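The structure appears right after this line, and notes come after that.
The values are calculated or read from the model by the stated rules, or taken from the named source; none is laboratory data. Values in this document were obtained by computation on a predicted structure and should not be read as measured data. Virtual Cβ from ideal backbone geometry, glycine too; neighbours counted across all protein chains shown. Keep in mind that these areas ignore ligands, DNA and RNA; they rest on the heavy atoms of the full protein, side chains included. Shrake-Rupley method; radii C 1.70, N 1.55, O 1.52, S 1.80 Å.
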Amino acid sequence: MTDINLSDSLLHWFAQNGRELPWRVKGKAHFDPYAVWISEIMLQQTTVKTVLDYFGRWMKRFPTLSDLAQADLQEVLLMWQGLGYYTRAKKIHECARILVDKYNGQIPSDRNELLKLPGIGAYTASSICCFAFNKPETVVDGNVIRVIARLYGLRHAVSKEEIYDLASQLTPTENGADYASAIMDLGATVCTPDNPTCIVCPWSSHCMARKKNLTDQIPVIQKPIKKERFGTLWLIKNMAGAYCIRKRPGKGLLSGLYEFPWTYSDEPSLYSKEEGIGFGSVTHVFTHFKLRLDIRIIKSETSPVSEGVFVLPSDLKEYPFSTLMKKVIAKIK
């Protein structure tokens, strides 16, 4: 079977079996490039199931690009709360203002123009061109890596570049939005990591992994070992029952979000380890490392950190916190 026939068979399968998602329309590009852009940023490092609720709330609060550009960053971060990778939300806000100021509120359909915008890399640019403008872009995510690696029976550790080269040979010159959706859906619903349902796959008769009974061994992806870091978090409570929080400074990890004061174990501590009462710990896994914070409660009427403010537990919901800090909030309620 030729590449064209493989593409046609996948498109036929998608027409009958593709998922219905609010950020895409079968048979054509989505009518709102803004919705496509937001969904693509949300879907980075996040599952479709999780994004569905966030996307609906986001579009209700910021239905247009102009609404987002006019919003306060803290409200944007509050709407993003729980999705993680908060730099994405900051870049979205920055990008929205640029699009309104310099692009007349329109998202470009040109890939090179998209790449000039903050928070939009090669993958996202291709996705926008594809899903919002129906262009024949090759989009490679984890699902596509798995599908292509199994189709060609790749038993070595694969790279995105290698998968892209192979996938691009299958990408048709028309129906860009449907084809990209189709190959992603194939990986998400049929060619799954465990127990793929090969019997209903439109490419099953050409899949080398199935022919050689290697689906459980492909793809081979080398994952870096995550380093583990430790620290101490201080729940500073005053007589009114309010807790001290601060906005995380700088431009690094979780900057711009609110947090309970904490430090890494290799940094000067806010208090001596003998002070306060132990209150368990929280653990969170970031992209490149795992962090465990031991929690200690201490009573004080003053904050040991700059910009520290005391907030009652009932009012914490008004501030944007990271998933890590929300784990702490769950402990004190």
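One table, with the values for the structure above:
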read-out: Spatially near lysine pairs across the stretch 1-141, Cα under 22 Å, sequence gap of 8 or more or different chains; value: 12
read-out: Proximal aspartates and glutamates relative to LYS331, as straight alpha-carbon distance under 13 Å, when same-chain residues fewer than 8 apart are discounted; value: ASP294
read-out: Distant-in-sequence amide H partners of LYS290 (H built 1.01 Å from N, under 5 Å); value: LYS227, GLU228, ARG229
read-out: Surface share of carbon and sulfur [accessible, 1.4 angstrom probe, percent] for the stretch 9-149; value: 50 percent
read-out: For the chain, accessible area per residue (1.4 Å probe, heavy atoms of protein chains only), Å²; value: 51 Å²
read-out: Of all accessible heavy-atom area on the stretch 180-324, the percent that carbon and sulfur account for (1.4 Å); value: 53 percent
read-out: Selection from GLY18, SER322, SER109 lying farthest towards where the dipole of the chain points positive, charges on Cβ; value: SER322
read-out: VAL311, VAL220, reordered so the largest accessible area comes first (probe 1.4 Å); value: VAL220, VAL311
read-out: Kirkwood Rh, angstrom, the chain [1 / mean 1/r, Cα pairs]; value: 22.4 Å
read-out: Contact order normalised by residue count of the stretch 186-333, Cα under 8 Å, 6+ apart, percent; value: 26 percent
read-out: Average Cα contact separation per residue, the stretch 69-228, under 8 Å, 6 or more apart, as relative contact order %; value: 21 percent
read-out: Value of relative contact order over the chain, rounded to a whole percent, pairs C-alpha under 8 Å and six or more apart; value: 18 percent
read-out: Ranking by accessible area, most exposed first, for GLU40, GLU274, GLU75 with a 1.4 Å probe; value: GLU274, GLU75, GLU40
read-out: Folded to 0 to 90 degrees: helix 48-61 orientation relative to the chain principal axis, Cα; value: 70 degrees
read-out: Dipole magnitude of the chain about its Cα centre (Cβ charges: Lys, Arg +1; Asp, Glu -1), debye to nearest 20; value: 800 debye
read-out: Overall Cα dimensions of the stretch 196-333 - principal axes, largest extent first, Å; value: 70, 32, 29
read-out: Quotient of C-alpha Rg and 2.2 N^0.38 Å, computed over the stretch 1-125; value: 1.17
read-out: Translational diffusion of the stretch 188-234, µm² s⁻¹ [Kirkwood Rh, Cα pairs; Stokes-Einstein; 20 °C; 1.002 mPa s]; value: 158 µm²/s
read-out: With eigenvalues of the C-alpha gyration tensor scaled by 5 and rooted, the stretch 99-168, Å; value: 30, 11, 8
read-out: DSSP bridge pairs, the chain: antiparallel proportion in percent, nearest 5; value: 55 percent
